[in-house]
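A short worksheet on the structure shown next.
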Amino acid sequence: MTTDWALRVSSLGKIHGSADLRALEDTGPDIGTAKSAITGSIVAAWDVGFEVSPGEALGVIGESGSGKSTVMRCIAGDQPSTSGEVHLRTVDDGRTNVLELDPSARRRLRISDLAVVYQDPAEGLRLNVTAGGNIAEALTAAGWRHFGRIRDRAAELLERTEVPHSRMDDLVGTFSGGMRQRVQLAKALANEPPVLLLDEPTTGLDASVAAGVLDLIRNLLEETGVAAVVVSHDFAVIEMLTTRCVVMNHGRIVEAGLTDRLLEDPHHPYSQRLVGAARA
Amino acid sequence: MNTPLLQQVLDRTTPVDDSPASHLEVNFGLLDEYSKREIRRAILTAVAVPGYQVPFGSREMPVARGWGSGGLQISLAIVGPYDVVKVIDQGDDEGVNAVNLRRLIVSSTGIPESTTPEDSTLIQTRHRIPEDPLDERHTLVLQVPVPEPLRGVERDMRELARMHAEADYARMWVSLYEDKVRNGVITRTTGYPCLVNGRYVIATTPIPRWDVPRLHRSRFLALFGAGREKRIYAVPPHTDVEPLTFEDVPFEVEVTPGASCRTCSSTESFLVEIPGATAGDGGHWVCSDSDWCRRNRERLQHPSRGDRS
Ligand SMILES: Nc1ncnc2c1ncn2[C@@H]1O[C@H](COP(=O)(O)OP(=O)(O)OP(=O)(O)O)[C@@H](O)[C@H]1O
Ligand SMILES: [Mg+2]
């Protein structure tokens, strides 16, 4: 692949419990567990790698507990990783492994280099603050100090994510789940981050609401040209939003490829089982 | 740090044999020397890192915590035999609390007291900065009930420490944004958050907005003491103190159009409203700084005398 990636992840690993690497010997897809009998620790993710280009969306799919959120949280800095490298094109032109930055520098990346949309809107939003105020937090963190311009920008973002203008000054805690997710998207996009991570963005929403939010996400990904990582256990979501994807099982990537190809012709038995279940 | 400032804190605290202190039955300034040294150390740190809240081992004082014990400890730790003390509460030298604190300082040091800033060197205050211009002779000691400016947006101590350490004040801005959205104006009055020396946000509690501009590049040293919360912070002379304000929403001090002091007719001082005694009486305004008001009145009555400013 050429070097036009916006996000590059390599050899990313996360072990809960003892860092004893013998845990790698009796965990993973072939063994059928993420929990090591030798060390007692859990290998939530190991040797995970991929690149994402601007305008591209990469899917991460797998069953519950396969390590999808772990990968996302390690990239985002919500969780320390055990090993690996994460590079962002906007940080030192991709030369710095951001996992090695100090916590404060790491947190600053979340202002405008990297944004996250969580399954639970309460993780990405303050429910006791208005929709506009939540966006103002992202903007003021990036140095915005003009009240009128903050208002205008918040209104523009909420319009793009289809939140009625009349709700802009209401507390997010009074919003429905689907509406909260739209506000979370608006906040995540506030400073036009080049990289966007979405962890099960529509899980937990009613089917009809989820469809609307998915539609919105697809449009936003197209319009913004952001490099996105979409984590989901649902092939319908991955199929709709991504062109390439990786399949995770017990903390490891078992297959990677074009999403269409993978859905039509899965190679790994685990992928075959996942696709089979989705098609049933 | 420049030497005069250090001396302001240190030199004045050396009692000499012919000082009034040699006749006292208690230790000069009530506190034992070890306590004074510890508090002074905290003060020096606070001066060296303007706006940073320095923890200190707050003592039990003969006043209830929350009644000026933080300010009192600072005053007693830095007071020297050549100081003249002024204490105000709500701008008034004669308030019960002000009188008690002043008595305590005077009786434990033997130093003179005054109500006039011109004659004072150590001014302990709750709620106000005197109207008179202060200069390098003055040290202003403010009694602070709530030192943490971010208290309204975050309660977790570790998160608060992180926010200050990283100068992450976005949520403070959000609270100002929400105030303006909800009320059309920024309603926050006392304790207005200010950025000190371009680095730390402080609560200018308990002074009104009226007094905030007078902390900016002031000629005097301002020390803030919170006894209950065990914190000391400082605004050294000539330090930037900028109220957090949006570029398009100017910072405004409290002004009531048309109001003037009933006693001295002033329209140029910070006025407080005295409610009417009866339903028909609409109430009236008076200067909050009662000593300034008295001198202003005298000046108007006898233009030739007593005008020292
Ligand atoms: N703090 C922790 N301590 C120990 N094990 C953990 C911890 N957090 C996660 N795990 C384990 O790590 C593994 C991966 O979890 P992760 O949340 O990444 O899965 P996931 O693929 O996102 O699942 P889901 O679809 O349910 O969200 C799981 O076995 C989980 O139990
Ligand atoms: Mg998950």
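Table for the structure above
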{"read-out": "Residue within the stretch B:39-56 that is among the hydroxyl-bearing types (Ser, Thr, Tyr), open to solvent by 30 Å² or more (accessible area, probe 1.4 Å) and assigned to a helix (DSSP H, G or I) present", "value": "yes"}
{"read-out": "Verdict on A:Asp260 being open to solvent by 20 Å² or more (accessible area, probe 1.4 Å), at pLDDT 95 or above and either more than 29 Å from A:Thr82 (Cα to Cα) or not basic (Lys, Arg) (or both)", "value": "yes"}
{"read-out": "First in the stretch A:14-40 and within 15 Å of A:Asn249 (Cβ to Cβ) and within 12 Å of ligand 1 (Cβ to nearest atom), second anywhere and aliphatic (A, V, I, L, M) and open to solvent by less than 40 Å² (accessible area, probe 1.4 Å), Cβ under 7 Å, 6 or more apart", "value": "A:Thr27/A:Ala34; A:Thr27/A:Val43; A:Ala34/A:Val43; A:Ala34/A:Ala44"}
{"read-out": "Check on A:Ser112, polar (S, T, N, Q), out of contact with any Ser or Thr (no Cβ under 6 Å at 6 or more places or on another chain) and within 14 Å of ligand 1 (Cβ to nearest atom)", "value": "no"}
{"read-out": "Residue, most open to solvent (accessible area, probe 1.4 Å), within the stretch A:163-179, restricted to residues that are out of contact with any strand residue (DSSP E or B) (no Cβ under 8 Å at 6 or more places or on another chain) and not in a loop (DSSP other than H, G, I, E, B)", "value": "A:His165"}
{"read-out": "Number of positions in the stretch A:44-81 that are crowded, with 18+ Cβ neighbours inside 10 Å, farther than 20 Å from A:Pro269 by Cβ and near ligand 1 (Cβ under 9 Å from one of its atoms)", "value": "7"}
{"read-out": "Enumeration of residues in the stretch A:1-15 that are surrounded by 16 or more Cβ atoms within 10 Å (Cβ to Cβ) and not small (Gly, Ala, Ser)", "value": "A:Trp5, A:Leu7, A:Arg8, A:Val9, A:Leu12, A:Lys14, A:Ile15"}
{"read-out": "Within the stretch A:107-162, helices (runs of 4 or more DSSP H) holding 3 or more residues that are more than 9 Å from every other protein chain (Cβ to nearest Cβ) and in contact with a His (Cβ under 8 Å, 6 or more places away or on another chain)", "value": "A:147-160"}
{"read-out": "Qualifying position, being in a helix (DSSP H, G or I), of a type in the set (Gly, Ala, Ser), away from ligand 2 (no atom under 16 Å from the Cβ) and surrounded by 20 or more Cβ atoms within 10 Å (Cβ to Cβ), among A:Ala186, A:Ala236, A:Ala190", "value": "A:Ala186"}
{"read-out": "Only listed residue being within 19 Å of the chain's Cα centre (by Cα) and within 14 Å of another protein chain (Cβ to nearest Cβ), chosen from B:Pro193, B:Pro208", "value": "B:Pro193"}
{"read-out": "Among the residues listed as B:Phe251, B:Phe246, the single one being in contact (Cβ under 8 Å) with a residue 60 or more places away in the chain, within 14 Å of another protein chain (Cβ to nearest Cβ) and in a loop (DSSP other than H, G, I, E, B)", "value": "B:Phe246"}
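The values are calculated or read from the model by the stated rules, or taken from the named source; none is laboratory data. This structure is a prediction, so every number in the text was calculated from the model and none was measured. Glycine also receives a Cβ, built like all others from the backbone with ideal geometry; neighbour counts cover every protein chain displayed. For accessibility, only protein heavy atoms count, side chains too; no ligands or nucleic acids. Shrake-Rupley method; radii C 1.70, N 1.55, O 1.52, S 1.80 Å.
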